[in-house]
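These notes are about the structure you will find just below.
The values are calculated or read from the model by the stated rules, or taken from the named source; none is laboratory data. Please read all numbers here as calculations on a predicted model, not as lab measurements. Here Cβ is always computed from backbone atoms with ideal geometry, including for glycine, and neighbour counts include all displayed protein chains.
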Amino acid sequence: MKKILILIIIIYPTISFSVDNNKINKITKNLRCLICQGQSIYDSQSEFANSLKKVVEDKINENMTEKQIYKFLTDKYGEWILYEPEFNKNTYFLWLFPLAIFIFGGILIFKKKT
Amino acid sequence: MILSQIGYYSLVFVLAISILILFYCFKQLKFLNKNYYLNLINLNFLQSLLVVISFSSLIFSFLNSQFINRTVYENSHTTKPFFYKFSGTWGNHEGSLLLWILVLIIFSLLFLFTSQKKEKKYLTLTLLFQQIIILGFLIFTLVTSNPFDIIFPIPNEGLGLNPILQDPALAVHPPILYIGYVGCSIIFSSSLAALMSQSVNGNWASHIKKWAIVSWIFLTVGIMLGSIWAYYELGWGGFWFWDPVENVSLMPWLTLTALIHSLAVIEKKSQLKGWVIILSISTFVLSVAGTFLVRSGILNSIHTFANDPQRGIFILIFLFLLIFLSLVIFFKFYKQDLNLNKLTFTNDLSILINNWFMMYFLSVVLIGTIYPIFLEVINNTKISVGPPFFNKLISIFLIPFLLFMGFGASLGWLKSNFKKIYLQNVVLFFVSIITSSYLFLFIGDKGLFLSLIMGGSIYLFLATIRDLIKKNKQNLSQRISHFGFSLLVLSILFNSIFSEEHNFNLNVGDKFKLEKETIFFQNISMTNDKNFKKVEGIFLIQSNNYKDIILKPQLRIYNQPVIITSEADILSTLYSDNFIVMNKIDDSNMFNIRYQKKPLMIWIWISTIIIVLGGTLTFFKDRK
Amino acid sequence: MSSKIKFISIFCFFIFCFFIFFLSLKDSKKYTPKALINKKIINFEMKQLESNEIITENDIFEINKITLLNIWSSWCLPCRDEHKYLTELKMNNKLNMVGINYKDKKKNAQNFLNEFGNPYKLILVDEDGKNSINFGAYGVPETFIYNSEKKLIKKIIGPIDLKSFNEIKNILK
């Protein structure tokens, strides 16, 4: 039990489920098309999305890192544009609540066993 | 005109009968020695009849394009194919609510018929709660969303149905999902009733388990149909987007799955009572909460119905009345504390672990869906919680979950044959580690994490196969469902890891070379269909590894309302799907082509069907 | 913990949830990021519609005047709706109006202006929409209002309507 938790905590920050090697695709999949309904920039064919794809491509060519590009965009459009919320004071609860539930449930089950 | 009036007035009568039934329920509860059972059955029968009349009149209004009816006017069109006129009845807010009520009432009647032998108090109480729910939905419909509103002067033509909703899978998806939700309402009412009449026991558990499994089957199929629709209709090639609307249907599914597992414990040992009641309540509360989130327009999503704050407030109040009602009843009648002490360390543990993980997954989906709403109100900050969040939090816990699940099923035999089982598991474990490492050596480095998760799912797969081929027939349905689940996880994994995706622009007559394949944009044709114009591209895909494939994706220009949609063309085989979709690029002759190869795609649907099959089998077993 | 305390705390929790949802329903769903307000205008280089001359952010401002930047296009229907307001605002001598022509063809843009009139002092061209993204725009039409210190004081997403028109007039008072 403890081992599992430790393992989880160790790999937790390093996981990336996406196996897309293409950087543009990876970034645009994490961006919300703000004028569409529930589509990512990658999936959308709207004017806004198409322009944004070009901008992201430019920024990658300017050697900006993924983080810098996100920073550039959130400065203009707010955090709403990112599908993966950043880990900051607004989102501690969001990220940690499920983990708390998991630990709580584990304690409930295994404490009472022994 | 006449149809709308018939529909409207029968609905008003349904409401009156609902109040009458409530009255008789109270009377029955007060005078337990008297018997009002026949009255209740008759009234319920009459109520069903009237609601069927009401719903049929709406269907006929749609079929005959009676544009005097506002709902028909706003959602239908004369040129629409017959089938979609029919399905258009519930393809909108008003009609779908009427369908909810229809299913609610018919299910109540079914419940009455199938459980006549139960204790009178329990039965009456269940009926009472069920009618409270029905009454709530009736008032909501009549006050805020009357499907029989009339407009003058009568329009000549309707506004049409959104073309992306004109689809066979989506036509049957809502009714099936609603049956699932409504089945949950029976579980809700009956668990509260059982709590109040002190009859939460093994008997009750096996009685309600049937309802739980029926609802679960419908929910699963409903979710699958929605997912299939999203796969070929939305044209993005994915099948699950963690869209809020999908999430709200997943939440009751998770609690329901947990409930079905826990009910087994009560059945055998009369334990976990409080927990089962909580799960029963939350399953339905989550269904209604889902309705609230989708209907109120509070979420930004692909297919939220037109928003109207008044409606939102109404469902919100109704939702919280349900919550408070069940809270009060729970705390008043449930005296014992939640207690896990008496459970034995064998089969029960695997059930507890199942519940533990289900609750974790629920917490991820729930918080991810509603957190943005909370944050916006409290802090005035708008954030998105999308696929990366859910994938991260769920995939990591999938590893221990898969291992536990694979191990858990064999826990039951642990005592009898400890050494043999232990050895078996160790062998399976190593086989799966070796297979997954080999796979990754073979395919190339895609990260430690993915190989771990792959190892876990291969382990579960082998373990469920081992359980499946066991000779004894005990728990066969569970074993089939678990096997289906392991197959599902495995195909999703393969699919997401090994999918190929290419995005490029082509002129008609041009070729595009990929690593192993060549895509030749041969031709384009234009035809007129009944309610849309069709532009069809013809693509030839050549490869050394297999025979030539021709795919014909379309662009459809619908006339009412004018919307352009692109229809993907998909060739499914047992090994993989070839998926192609095209889009016109403005101000140019080029088309944007998205070509995808998705390995084992069809197995995602097949394994879901296997899971459902396992569920249905429980009923055939009972008959014998 | 006694069951009464449990009950009350759970009850309060749900009351809290109720109010959150309730407030959220009352909120308008239109989203305007506050991130940009009070920020200085970005650096840009854009061509002028008529002359192809390169214009930078310093060239569009005039001393002691409010500057209104309007993104428009000839193919955009809502742009026609807001045009009457822009034409009326043109009369105001405290306002300096600059248009950004978004993903358009020069000929179509000129036809549009000939038909409906040209309210702008200066028109810049954003051929591929990238400049508009730099401004933090969502699409057409969209309006940015800067004060004389080149700081953004107001942003209007979508066409200018009577309400936002009056708000602009208030700013100009």
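Please go through the range B:24-42 and pick out each residue that is under 18 Å from B:LEU110 (Cβ atoms) and in contact (Cβ under 8 Å) with a residue 40 or more places away in the chain.
Answer for the range B:24-42, where residues must be under 18 Å from B:LEU110 (Cβ atoms) and in contact (Cβ under 8 Å) with a residue 40 or more places away in the chain: B:CYS25, B:TYR37, B:LEU40, B:ILE41.
Take B:VAL427 and tell me if it is more than 12 Å from chain A (Cβ to nearest Cβ) and modelled with pLDDT of 85 or more.
Against the criterion (more than 12 Å from chain A (Cβ to nearest Cβ) and modelled with pLDDT of 85 or more), B:VAL427 does not qualify.
Inspect the range B:49-59 for any residue being in contact with a helix residue (DSSP H, G or I) (Cβ under 8 Å, 6 or more places away or on another chain), in contact (Cβ under 8 Å) with a residue 12 or more places away in the chain and either more than 20 Å from B:PHE137 (Cβ to Cβ) or not in a helix (DSSP H, G or I) (or both) and give the result as yes or no.
Checked the range B:49-59: no residue is in contact with a helix residue (DSSP H, G or I) (Cβ under 8 Å, 6 or more places away or on another chain), in contact (Cβ under 8 Å) with a residue 12 or more places away in the chain and either more than 20 Å from B:PHE137 (Cβ to Cβ) or not in a helix (DSSP H, G or I) (or both).
Among the residues that make up the range B:558-577, is at least one of them in contact with a Gly (Cβ under 7 Å, 6 or more places away or on another chain) and away from chain A (no Cβ under 14 Å)?
Yes, the range B:558-577 has at least one match.
Does the range B:537-552 contain at least one residue that is buried (at least 18 other Cβ atoms within 10 Å of the Cβ), within 14 Å of another protein chain (Cβ to nearest Cβ) and either in contact (Cβ under 8 Å) with a residue 24 or more places away in the chain or in contact with a strand residue (DSSP E or B) (Cβ under 6 Å, 6 or more places away or on another chain) (or both)?
No, that holds for no residue.
Checking the condition over 23 Å from C:ILE171 (Cα atoms) and surrounded by 15 or more Cβ atoms within 10 Å (Cβ to Cβ), which residue from C:ILE41, C:ILE15, C:ILE66, C:ILE55 passes?
Every option except C:ILE55 fails the conditions.
Within 24 Å of B:ILE383 (Cβ to Cβ), touching a residue at least 60 places away in the same chain (Cβ under 8 Å) and within 10 Å of another protein chain (Cβ to nearest Cβ): is that true of B:LEU254 in this structure?
no
Please enumerate the residues belonging to the range B:13-23 that are under 18 Å from B:LEU125 (Cβ atoms) and in contact (Cβ under 8 Å) with a residue 24 or more places away in the chain.
B:SER18, B:ILE19, B:ILE21, B:LEU22
Name the residue, out of B:GLU515, B:GLU501, that is free of Cβ contacts under 8 Å to residues at least 24 places away in the same chain, within 14 Å of another protein chain (Cβ to nearest Cβ) and under 24 Å from B:GLY238 (Cα atoms).
Going through B:GLU515, B:GLU501 in turn, the sole match is B:GLU515.
State whether one or more residues within the range C:29-49 are under 19 Å from C:SER148 (Cβ atoms), assigned to a strand (DSSP E or B) and either within 14 Å of chain A (Cβ to nearest Cβ) or out of contact with any helix residue (DSSP H, G or I) (no Cβ under 7 Å at 6 or more places or on another chain) (or both).
Yes, that holds for at least one residue.
B:LEU49: out of contact with any Lys or Arg (no Cβ under 9 Å at 6 or more places or on another chain), under 19 Å from B:GLN130 (Cα atoms) and modelled with pLDDT of 95 or more, yes or no?
Against the criterion (out of contact with any Lys or Arg (no Cβ under 9 Å at 6 or more places or on another chain), under 19 Å from B:GLN130 (Cα atoms) and modelled with pLDDT of 95 or more), B:LEU49 qualifies.
Kindly indicate the residue of the range A:20-44 that is among the hydrophobic types (A, V, I, L, M, F, W, C) and either under 15 Å from B:HIS502 (Cβ atoms) or not in a loop (DSSP other than H, G, I, E, B) (or both) and also modelled with the lowest pLDDT among those meeting that condition.
Among those residues, the one meeting the criterion is A:ILE24.
Filter the range A:82-101 down to the residues that are of a type in the set (A, V, I, L, M) and within 7 Å of chain B (Cβ to nearest Cβ) and list them by number.
A:LEU82, A:LEU94, A:ILE101
What number of residues within the range A:59-83 are part of a loop (DSSP other than H, G, I, E, B), surrounded by 19 or more Cβ atoms within 10 Å (Cβ to Cβ) and of a type outside the set (Gly, Ala, Ser)?
So the answer is 1.
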